[in-house]
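Just below is one structure, and these are the notes that go with it.
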Amino acid sequence: MRQEIFKLVCEMDMDDIDTQLALQCAPIITDLKFSNLLIIPTGGKNRVEKLLQGTDISYYILLDEKDKTTMLLYKQMELQDYLSGSVQTQMMQKLGYRSVRLFDILPVFRARYAHYMKDSILFPHEMGLLLGYPVEDVAGFIKHKGEHFLYNGYWKVYSNPLEKQKIFDRYEAARENLVELVSKGVHMENILGG
């Protein structure tokens with residue numbers, strides 16, 4: 001993150017949902033990605049729901065704790081198409097999923113994610129696929145147990161680091177752009193067009 005953007009972030013209200021969407025979900029908001037995790041103060045769920053109404057972004061609550069809520073934001077058709085790819089289907093089957101239908105996957109993933117967050121064991125590797133990470137990087141993460149990566153950005157990279165770095169640069173530019181807009185008072189309703 002550029003220094004001038006970092007300074008803007010330091011002056012922003014970190015509990016503000018618009019700020020958190022800009023920081024955490026710029027790639028999906030700017031159509032660079034079809035899914036993102038969003039972790040917000042629990043009281044912000046209604047704001048997110050209202051903001052996403054009328055957009056092509058859906059949400060699924062993965063974990064609802066006393067002080068924070070974790071949501072998967074996703075574009076349903078794009079995520080479903082990705083998960084239906086043959087390599088992704090094979091990996092999901094290896095991870096114990098019988099179906100690659102999104103609505104079959106999400107409840108199982110939510111339970112696995114909640115179990116991991118509670119007990120810190122059995123990391124749900126399907127998270128990488130649900131977030132659209134390349135299969136080779138998800139497989140590399142599993143094989144190397146999160147170690148020996150070639151590059152670390154929005155995810156740990158195990159293949160084609162230069163190509164992935166270009167993707168990360170686009171994600172970062174989107175995030176910086178949204179942070180600038182929100183810091184200038186542009187509301188997320190206007191950014192999302194909802």
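Each reported figure results from applying straightforward, stated rules to the coordinates on display, with no laboratory input. Bear in mind the structure is a predicted one, so any value in this text is a computation, not a measurement. Cβ atoms come from the backbone with ideal geometry, glycine included; neighbour counts cover every protein chain shown.
Can you list the residues, at least 5 places off or on another chain, whose amide H is less than 5 Å from the amide H of Tyr151, using H built in the peptide plane?
It is Val157, by chain and number.
Estimate the FRET efficiency between Phe103 and Thr30 by the formula 1/(1 + (r/R0)^6), using the beta-carbon distance for r and 25 Å for R0, to the nearest 0.05.
Values: r = 26 Å, r/R0 = 1.04.
With R0 = 25 Å, the Cβ-Cβ based efficiency is 0.45.
Quantify how much of the Cα-Cα distance distribution of region 1-40 extends past 17 Å, in percent. Provide the component values of the computation, followed by the final result.
Numbers: 280 of 780 pairs.
When all Cα pairs of region 1-40 are counted, 36 percent exceed 17 Å.
Relative to the present Cα-Cα distance, how much length would full extension add between Met14 and Lys94 at 0.36 nm per residue of separation?
24.9 nm
How long, wide and thick is region 47-194, going by the Cα atoms along their three principal axes, in whole angstroms, largest first?
Between the extreme Cα coordinates on each principal axis of region 47-194 lie 45, 35, 31 Å.
Cut-off under 22 Å on the C-alpha distance; same-chain residues fewer than 8 positions from Lys66 excluded. Which lysines are left, in chain and number order?
Lys45, Lys50, Lys118
Considering the zone a paramagnetic label at Glu163 would reach in this model (a point 7 Å from Cα along the Cα-to-Cβ line), which residues of region 102-141 have amide N under 14 Å from it?
133-138
Which three extents, in whole angstrom, do the alpha-carbon atoms of region 143-194 cover along their principal axes, largest first?
That gives 43, 20, 18 Å along the principal axes, largest extent first.
Evaluate E = 1/(1 + (r/R0)^6) for Glu4 and Tyr59, where r is the Cβ-Cβ distance and R0 equals 35 Å; express this FRET efficiency to the nearest 0.05.
Numbers: r = 31 Å, r/R0 = 0.89.
In this case the efficiency is close to 0.65.
Tell me, in nm to one decimal, what length is gained between Met117 and Asp67 on full extension, where the rule is 0.36 nm per residue of separation less the Cα-Cα distance?
Extending this stretch completely gives an extra 16.6 nm.
For region 66-73, take each phi angle, set θ = phi - 60°, evaluate the Karplus expression 6.51 cos²θ - 1.76 cosθ + 1.60, and give the result in whole Hz per residue in order, putting x for glycine and proline.
4, 10, 8, 10, 10, 10, 9, 9
Name the residues whose placed amide hydrogens come within less than 5 Å of the amide hydrogen of Leu63, ignoring near sequence neighbours (fewer than 5 apart) on the same chain.
The list, which skips near neighbours in sequence, is Thr70.
Mean Kyte-Doolittle hydropathy of -1.0 or higher plus an axial Cα length of 20 Å or more: which whole DSSP H helices in the chain meet both? All intermediate terms of the calculation are to be shown ahead of the outcome.
Working: long enough: 102-119 (25 Å, 0.01); 161-183 (32 Å, -0.62).
Span-like helices in the chain: 102-119, 161-183.
Using only Cα atoms, figure out Rg for region 1-73 and give it as a multiple of 2.2 N^0.38 Å. Before the final figure, lay out the partial values.
Details: Rg = 12.6 Å, N = 73, 2.2 N^0.38 = 11.2 Å.
Cα-based Rg divided by the globular estimate yields 1.12.
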